[in-house]
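Read the structure below first, then the notes.
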Amino acid sequence: MENNRKRPKKKKKIVKRAVIVIGIPVLIIIIAFSAMLTILASFMPSAAVSMVDDYKKAAELAGCTWQELVVYDTVRFHNDLEDVNPYLSAVDFMKMYYEIYKYVETEDGGYWTLVSSGTLITPESIWRWLRIPKDSDINAVLEAAGKYARPEFVVQFSPKELDDLIIEKKFTEEQIEWVDMLMTSGALDEMFGDVHDLPDYIDSAGTGYFGWPAPALHNITSKFAVARKHPVFGITRAHNGVDISGPGAMGSPVCAIDDGVVISVNLNGGERGINVRVQHNIGDDVWVSRYQHLSAAKATVGQKVTKGTVIGAVGNSGIGTGPHLHLELTYNGVLIDPLPLIK
Ligand SMILES: [Zn+2]
């Protein structure tokens, strides 16, 4: 009898111990994992992919990048993007420059003379100048500006830098950190980018990524931005590549991003400065990488290189704002953003 009574007690104890030994760690893991997901989710934009398409269209009209526009709204509206209109937000990115001319008649004809000019940097001033309702979106702004296509007016738009805009909007330190986190993490491109539409961005070694062109440098100082022909007056701001810099940039090595053949070495490339181009044939696709603003080229035309071969040194030649590498990448002749493809 005694034994029979003890046995169930012992069993209970073992079960209890098993629950503690296995259950608690599992519970801790589950809690930690869901907390991590919650934290991550709260930082990431809640925009649906279909909404990002609108952001892409709106950004193209404003001349900024869609990433900048998504990040601006994500942080500004604390990730609550459901009722946000990207076409309205895009107006915040616009600067408008105008000139007004007057025709002066003279005996032998006449001439146009400048009466006034100015730059408008707030949406309110742009709406007021164009005499359109407050909260008109970017389509309405451009349409209204189109009506000024007359000899007595010049109206041009250019995009603001995101860095300037967040200062203008008095973002807090935490908000600025959030902006930086989103802009540098690459997560936006992973989530919403066109990267995956490229048929074969696999490098020759089959790793799926090209190599990082400046192994000593890790700061992205300027991103790729597509040239935008303005529908009315044709002002554009394009950045055809990605700028990479960092401490000790000057003279640090520049490496071929993949196996290929050097197709040009230009020691006097004007704005581009000293620059080298490498062609990479991958399958039926032709990729060309171009490395600009070098302080020295360490390659010759026709030279075969492999991924990581040093082909030059980072510099400040041509037009630049300090030593950095400007990397351009074309895919079958089309300029594309190299950043999502290099690692
Ligand atoms: Zn550049």
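Using the structure shown, decide if I132 is modelled with pLDDT of 95 or more, at negative phi and in a loop (DSSP other than H, G, I, E, B).
Values: modelled with pLDDT of 95 or more: yes; at negative phi: yes; in a loop (DSSP other than H, G, I, E, B): yes.
Yes; evaluated as a whole, the condition is true for this residue.
Looking at this structure, is D243 in the same structural domain as N219 (by TED's automatic domain parsing), of a type in the set (D, E) and either within 16 Å of the ligand (Cβ to nearest atom) or open to solvent by 20 Å² or more (accessible area, probe 1.4 Å) (or both)?
yes
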- [ ] Determine the pairs where a residue that is more than 17 Å from W212 (Cβ to Cβ) and assigned to a strand (DSSP E or B), located within the range 319-343, has a partner that is at pLDDT 85 or above and more than 15 Å from the ligand (Cβ to nearest atom) with Cβ atoms under 6 Å apart, the partner being 6 or more residues away or on another chain.
- [x] T330/V288; Y331/W287
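Which residues, counting only those in the range 75-110, are touching a Leu at 6+ places or on another chain (Cβ under 9 Å) and open to solvent by 70 Å² or more (accessible area, probe 1.4 Å)?
First, the residues of the range 75-110 that are touching a Leu at 6+ places or on another chain (Cβ under 9 Å): 75, 86-87, 89-90, 92-102.
Within the range 75-110, Y97, K102 qualify.
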TODO: Being surrounded by fewer than 17 Cβ atoms within 10 Å (Cβ to Cβ) and in contact with a helix residue (DSSP H, G or I) (Cβ under 9 Å, 6 or more places away or on another chain) is the filter here, so list the residues in the range 288-343 that pass it.
DONE: I319
Open item on the list: Condition first: in a strand (DSSP E or B) and open to solvent by 30 Å² or more (accessible area, probe 1.4 Å). Now tell me which residues in the range 111-121 satisfy that.
Closed with: Y111, W112, T113, L114, V115, S116, S117, T119
Open item on the list: Test of understanding: among S42, S46, which residue is outside any helix (DSSP H, G or I), at pLDDT below 90 and within 21 Å of T172 (Cα to Cα)?
Closed with: S46
- [ ] Please list, ordered by first then second residue, the pairs with beta carbon atoms under 7 Å, 6 or more apart or interchain, first in the range 251-262 and more than 16 Å from G241 (Cα to Cα), second charged (D, E, K, R) and open to solvent by 40 Å² or more (accessible area, probe 1.4 Å).
- [x] D258/K307; D259/K307; V261/K304
- [ ] Could you grab the pairs with beta carbons closer than 8 Å, sequence gap of 6+ or different chains, first residue in the range 175-194 and among the β-branched types (V, I, T) and modelled with pLDDT of 70 or more, second one part of a helix (DSSP H, G or I) and buried (at least 16 other Cβ atoms within 10 Å of the Cβ)?
- [x] I176/I166; V179/V71; V179/Y72; V179/V75; V179/L162; V179/I166
Open item on the list: Which numbered condition in (1) open to solvent by 40 Å² or more (accessible area, probe 1.4 Å); (2) aliphatic (A, V, I, L, M); (3) within 17 Å of T221 (Cβ to Cβ); (4) away from the ligand (no atom under 13 Å from the Cβ) is the only one that I263 fails?
Closed with: (3)
Open item on the list: Checking the condition within 12 Å of the ligand (Cβ to nearest atom) and farther than 30 Å from L188 by Cβ, which residue from G322, G273, G312, G269 passes?
Closed with: G273
TODO: Take K298 and decide whether it is under 17 Å from A214 (Cβ atoms), among the basic types (K, R) and out of contact with any strand residue (DSSP E or B) (no Cβ under 6 Å at 6 or more places or on another chain).
DONE: no
- [ ] Return only the number of the condition from (1) farther than 26 Å from K160 by Cα; (2) surrounded by fewer than 20 Cβ atoms within 10 Å (Cβ to Cβ); (3) at pLDDT 90 or above that N281 does not satisfy.
- [x] (3)
TODO: Answer yes or no: is there a residue in the range 232-240 that is assigned to a strand (DSSP E or B) and at pLDDT 85 or above.
DONE: no
TODO: Please tell me if Q156 is open to solvent by 20 Å² or more (accessible area, probe 1.4 Å), in contact with a helix residue (DSSP H, G or I) (Cβ under 6 Å, 6 or more places away or on another chain) and not hydroxyl-bearing (S, T, Y).
DONE: no
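The values are calculated or read from the model by the stated rules, or taken from the named source; none is laboratory data. The structure displayed is predicted, hence computed values, not measured ones. We place every Cβ from the backbone using ideal geometry, glycine too, and count neighbours over all the protein chains shown. Accessible surface areas use protein heavy atoms only, side chains included; no ligands, DNA or RNA. Shrake-Rupley method; radii C 1.70, N 1.55, O 1.52, S 1.80 Å.
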